[in-house]
Amino acid sequence: MSLQSRRGLCAFVKLGLAWPATVVLPQAHPGRMILVLSHMRSASTALCNVLASHPDVSGYGETHVCHGDKFAPGRVLVNIARRRAFQPKSPFILDKILHNHLDDFSPETTSNARAIFLVRKPAPSVRSIYNLSQRSDLPEISSLQDAGRYYLDRIQRLESLWHRFPANHRIGLTSESLLRDPEQTLIGIGQWIGLSRSLDNTYASHPASTKGGGGDPIYSGRARKIEARSSEAVELESDLSLSIADELCCQHRRLVGHFQDNQTQHG
């Protein structure tokens, strides 16, 4: 059997399992989903590692499930279970989404799931995305321009998604604030989700979070907590066009502004 045929069979089996999971298991419901909506190189793997290490949360990182229908939570749960990251007594399941083709959410998801938006400043993000592409298989990123376009498209998509979630079901934070004071930031996230106990800054990285596109393959798997550090002083690369560089900064400011407005109104 060819690789393509095996992948097709695997997808068919997972789809078949998603329906009974959605019907039978309470975790396979949009209201039990925690979604980390971000872009590559934003410290999202570290955040997901902390969340997935909490006894209330099952998950490991990116499941690469498309969320366009009501069976998406079931498919997420199947992927989590296949990687031995499902805890039957945990009330929540976790998925991280970094790519636009996976987050065409159904109305059930946007009405019920808890969405954590996480963004990093453009300059260090673009540089880090490009560096990652040089060390791993990212065929869509072959230049700084490609990294800049990915970041811009993703930030624009995140702004669109922000308005689809109810104000009390979304929270926005920056990578810089998470890294500046991880302990207090995590406590706030845990309280907002409604976890049974505090979200501590400690984790044991699941093997699936460092391979197969599940998360950061470079550093997070070796760490045991989110290390506090100050923001990087990085300039946007000179070989990015001025129009793209300006738009990156503008879009980032707009999205972070939405985060701050939401915190002011509902904090």
Exercise for the section: In vacuum, with every alpha carbon of the stretch 131-179 counted as one equal point scatterer, what does the Debye formula give for log10 I(q)/I(0) at q = 0.13, 0.16, 0.20 Å⁻¹? Two decimals, please. Expected result: -0.47, -0.66, -0.84
Practice task
Starting from the exponent 0.38 and prefactor 2.2 Å, build the expected Rg for the stretch 33-92 from its residue count and divide its actual Cα Rg by it.
Solution key: 1.09
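Under 10 Å from the Cβ of C66, count the other residues' Cβ atoms, weight Lys and Arg +1, Asp and Glu -1, and hand me the total.
On the way: positive: R75; negative: D69, D103, D104.
Neighbour charge sum, excluding C66 itself: -2.
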Handout entry: Dipole magnitude (debye, nearest 20) for the stretch 27-151, charges at Cβ of Lys, Arg, Asp, Glu
Key = 380 debye
Handout entry: Full-extension gain in nm, A167 to R254, via 0.36 nm per residue minus C-alpha separation
Key = 29.7 nm
Problem - Point-charge dipole on Cβ atoms (K/R +1, D/E -1) for the stretch 65-119, about Cα centre, debye to 20 - result: 400 debye
Fill in the blank from the handout: Counting only protein heavy atoms with a 1.4 Å probe and every protein chain in place, the carbon and sulfur fraction of the accessible surface of the stretch 89-159 in whole percent equals 45 percent
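So what is the accessible area of the stretch 90-159 per residue, in Å², with the probe set to 1.4 Å? All intermediate terms of the calculation are to be shown ahead of the outcome.
Values: 2500 Å² over 70 residues.
Ligands and nucleic acids excluded, the figure is 36 Å² per residue.
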Handout entry: Rg in Å to one decimal, and Dmax rounded to a whole Å, for the stretch 165-218 via C-alpha atoms
Key = 13.4, 35
Handout entry: Built amide H within the under 5 Å cut-off of D200, gap 5+
Key = none
Practice task
Could you tell me which of I80, C48, H99 has its Cα farthest along the dipole of the stretch 45-101 towards the positive end, charges placed at Cβ (Lys, Arg +1; Asp, Glu -1), taken about the Cα centre?
Solution key: I80
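Order 59-66, 137-144, 158-165 from most to least packed using the mean count of other Cβ atoms within 10 Å.
Values: 59-66: 24.4, 137-144: 13.5, 158-165: 17.2.
Final packing ranking: 59-66, 158-165, 137-144.
The values are calculated or read from the model by the stated rules, or taken from the named source; none is laboratory data. Since the structure is predicted, the reported quantities are computational estimates derived from the model, not experimental observations. Positions of Cβ are generated from backbone atoms using ideal geometry, with glycine treated the same way; all protein chains shown enter the neighbour counts. Keep in mind that these areas ignore ligands, DNA and RNA; they rest on the heavy atoms of the full protein, side chains included. Shrake-Rupley method; radii C 1.70, N 1.55, O 1.52, S 1.80 Å.
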